[in-house]
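Written below as structure tokens is the structure these notes are about.
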């Protein structure tokens, strides 16, 4: 079959899926708020029911080879529960805001059919998050999973369908592209949908933004965290180690670098070692670099693997490596010549030593000029002024203060960020949004504007001060 025939077949197959999705969405559009809530809860229970959660976590690790079962269990449960907490009481049907003084009424409307491009690193939690948000807002959704994550996505959709049956919702509200998922089919789905939500490789993100369909895609990770001179090294190390090792660092929000001020450098290294970090010498660092970037690109062989396995692949033997939770390398530079300054998607941490907070900011800025601009930065500090400085100076959408970064940045029960697995990186990361992806992104809003008494300012009210300062009061 030629390329034209292949593209034509993909177009026809996707058109049939989208047609079924539109028919189902036309039914959902007439739902009450209770029906939308019930459908969202049905999708949440599809992944949170303990036996189903375990089946999905085990399937994900078996078929992708990424992460570990226990952490995926925790992620599937926590992320879904947190999302449903955020959605409890949220209005997505009918009037959602009214401002009589301004004569405005806002009415929630569905988007239509959502195309969700989902990654192999989170083949259960990410599509579940998207499905819940889509149903809450009375949309249909079609998943385009990564090839490795396709079996997990298929099992998730099977579980979702069983729960949709219970609440009387059409199964065609939630579908996925048939395996094997091809590039042609994914691109065609992007073109035919009403909204694309893309998480995963930057190639997929770029394709989403160039599809001709409104798109919400996320930027690259490569999180750096600063350990300030006022920080408690032991507390900082505990948080960093938790984040660096969770699910073998599949998260784009796991720290890839820590930038430590000289005043606390030695205590922080010691505290990281006490948490299971193993610091490599120069020769070991070189061997690890050759293993991780054999041809200048990050090797899939190390992605989301446990630290002892990565060490073994690099020929690093001995008890210290067999017991390692994560590996550490000291680094000084940034950019392509310093690959450890980039995203590693593995429990490997670059450690930078800097003289002061100015140098810390400069180092993080340099790291993000290479990779990760727009995402977020972590800081461990007792100085309340430092997070504000980062927020005003660095190209980041989030500043995570005194928290395990990958646990906190996508929303947590002890911070106010929305629960999400997709973090927008704003213009810095070439994204169309800088929020945590949430249900509001799955809504259209229609506004009714009624006449109110006119309010027309005098020119002096607008220009008076400015004219006085720049035109001598003219």
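Quick look at the numbers
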quantity	calculated
Residue count, the range 282-307 (criterion: out of contact with any strand residue (DSSP E or B) (no Cβ under 9 Å at 6 or more places or on another chain) and farther than 19 Å from residue 64 by Cα)	10
Matching entry among 97, 88 (being in contact with a strand residue (DSSP E or B) (Cβ under 6 Å, 6 or more places away or on another chain) and either modelled with pLDDT of 95 or more or closer than 22 Å to residue 249 by Cβ (or both))	97
Odd one out for residue 311 among (1) crowded, with 23+ Cβ neighbours inside 10 Å; (2) in contact (Cβ under 8 Å) with a residue 40 or more places away in the chain; (3) closer than 18 Å to residue 65 by Cα; (4) touching a helix residue (DSSP H, G or I) at 6+ places or on another chain (Cβ under 7 Å)	(2)
Residue match in the range 222-230 (condition: in contact (Cβ under 8 Å) with a residue 60 or more places away in the chain, within 18 Å of residue 140 (Cα to Cα) and either in contact with a helix residue (DSSP H, G or I) (Cβ under 8 Å, 6 or more places away or on another chain) or not in a helix (DSSP H, G or I) (or both))	no
Tally of residues being closer than 21 Å to residue 31 by Cα, part of a loop (DSSP other than H, G, I, E, B) and out of contact with any helix residue (DSSP H, G or I) (no Cβ under 6 Å at 6 or more places or on another chain) across the range 91-110	1
Residue ID - nearest to residue 218 (Cα to Cα), chosen from residues in the range 400-430 that are within 15 Å of the chain's Cα centre (by Cα) and outside any loop (DSSP other than H, G, I, E, B)	423
Matching entry among 115, 128, 134 (being surrounded by 23 or more Cβ atoms within 10 Å (Cβ to Cβ) and part of a strand (DSSP E or B))	115
Residue match in the range 161-169 (condition: under 20 Å from the mean Cα position of the chain (by Cα), assigned by TED's automatic domain parsing to the domain that holds residue 116 and without any contact (Cβ under 8 Å) to a residue 60 or more places away in the chain)	no
Selection count, the range 332-349, where residues are in contact with a strand residue (DSSP E or B) (Cβ under 6 Å, 6 or more places away or on another chain) and over 20 Å from residue 240 (Cα atoms)	0
Residue that is farthest from residue 6 (Cα to Cα), among those in the range 182-221 that are in contact with a strand residue (DSSP E or B) (Cβ under 7 Å, 6 or more places away or on another chain) and surrounded by fewer than 20 Cβ atoms within 10 Å (Cβ to Cβ)	214
Filtered residues of the range 350-399 (kept if over 22 Å from the mean Cα position of the chain (by Cα), under 26 Å from residue 245 (Cα atoms) and assigned to a loop (DSSP other than H, G, I, E, B))	381, 382
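So that you can scan it fast, the table gives a plain yes or no per residue for (1) farther than 19 Å from residue 162 by Cβ; (2) touching a strand residue (DSSP E or B) at 6+ places or on another chain (Cβ under 8 Å); (3) modelled with pLDDT of 95 or more; (4) not assigned by TED's automatic domain parsing to the domain that holds residue 189:
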| position | (1), (2), (3), (4) |
| --- | --- |
| 8 | yes, no, no, no |
| 20 | no, yes, yes, no |
| 32 | yes, no, yes, no |
| 51 | no, no, yes, no |
| 56 | no, no, yes, no |
| 73 | yes, no, yes, no |
| 84 | no, no, yes, no |
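The values are calculated or read from the model by the stated rules, or taken from the named source; none is laboratory data. Predicted, not measured: the structure shown is a model, and the values here were computed from it. Cβ sites come from the backbone with ideal geometry, for glycine too, and all protein chains shown count toward neighbours.
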